[in-house]
Amino acid sequence: MRRPNLLLTGTPGVGKTTLGKELASRTGMTYVNVGDMAKDGELYEGFDEEYDCPILDEDRIIDELEDKMSEGGVIVDYHGCDFFPERWFHIVFVLRTENSFLYDRLESRGYKGKKLQDNIQCEIFQTVYEEALLSYRKEIVHQLHSNTPEDLEGNLDQIMQWIEQWMKDNN
Ligand code: DAT
């Protein structure tokens with residue numbers, strides 16, 4: 001494998017898509033948005049009334065991604081992380097956003113009421129970070145601040161340096 005696979009995860013609205021797409025355009029790596037992939041391929045197995053979102057068909061997502069992941073150079077973006085095979089990823093970034101910023105972003109996305117509250121709580125309780133620590137070796141799990149455009153630039157620089165180093169070490 002010539003290039004590493006990265007997982008970008010975190011609560012909806014923290015900036016995974018923004019970071020992932022920019023990283024892909026700067027590195028030439030492949031960006032995969034699992035939510036969009038599920039929508040396009042209708043890879044669902046029901047609807048969660050309580051959380052007001054479709055339930056992913058995780059097995060089909062994994063089957064569809066397997067070949068691409070084994071080639072390397074893939075940036076995966078999803079707000080959950082516990083169902084992917086652990087072996088897929090060389091590094092996992094959990095993006096973190098302060099509540100006031102996250103609230104505004106989710107509100108302008110049209111979230112309100114319980115859905116808005118649930119997502120804010122998810123961030124407060126660092127649900128996704130803990131899920132990542134339970135799913136991957138803790139040495140490869142890193143949190144990134146994702147509050148401002150300066151954070152975005154800093155994260156891009158840091159991740160690109162990490163990728164370069166990985167390629168030196170592994171090729
Ligand atoms: P996600 O993919 O995690 O749901 P997103 O990339 O769609 O999040 O970003 C949600 C909104 O926040 C979008 O309007 C872009 C903005 N945003 C993302 N990262 C940011 C950052 N570091 N600073 C300021 N705004 C950011």
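The values are calculated or read from the model by the stated rules, or taken from the named source; none is laboratory data. Everything numeric in this text was worked out from a predicted model, so none of it was measured. Counting neighbours? That spans all protein chains shown, and the Cβs are built from the backbone with ideal geometry, glycine included. To get the accessible areas, we keep the full protein, side chains included, count just its heavy atoms, and leave off ligands, DNA and RNA. Shrake-Rupley method; radii C 1.70, N 1.55, O 1.52, S 1.80 Å.
Numerical summary
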read-out	value
Cα-centred dipole magnitude for the chain, charges only on beta-carbon of K, R (+1) and D, E (-1), debye, nearest 20	580 debye
Of all accessible heavy-atom area on the chain, the percent that carbon and sulfur account for (1.4 Å)	47 percent
Rounded FRET efficiency, nearest 0.05, which uses the C-beta distance separating Ser100 from Asp67 and R0 of 30 Å	0.10
Average accessible area per residue (Å²) across the stretch 1-127 - probe 1.4 Å, nucleic acids and ligands excluded	51 Å²
Angle between the chain longest axis and helix 16-27 axis [Cα atoms, degrees, rounded to 10]	20 degrees
Mean Cα-pair separation over length for the chain, i.e. relative contact order, pairs under 8 Å, 6 or more apart, %	34 percent
Selection from Gly80, His90, Gly154 lying farthest towards where the dipole of the chain points positive, charges on Cβ	Gly154
Hits among lysines - C-alpha to C-alpha of Lys138 under 22 Å, sequence gap 8 or more where chains match	Lys16
Sequence ranges 27-37, 11-21, ranked by mean other-Cβ count within 10 angstrom, highest first	11-21, 27-37
Within the stretch 105-147, GluC sites (Glu not before Pro) in DSSP loop having at most 11 other beta-carbon neighbours inside 10 Å	none
Distance in nm between pseudo-label sites at Glu164 and Asp52 (7 Å out along the Cβ direction from Cα)	4.4 nm
Gyration tensor verdict on the stretch 94-161 (Cα atoms; rounded if a/c is under 1.5, prolate if a/b is larger than b/c, oblate otherwise)	oblate
Residue among Leu65, Asn119, Leu6 farthest towards the positive dipole end of the chain, charges placed on Cβ	Leu6
Where chymotrypsin sites (Phe, Trp or Tyr not before Pro) fall in DSSP loop in the stretch 110-171, at most 14 other Cβ within 10 Å	Phe125
Candidates per GluC sites (Glu not before Pro) in the stretch 1-98, loop by DSSP, up to 10 other Cβ within 10 Å	Glu42, Glu49, Glu50
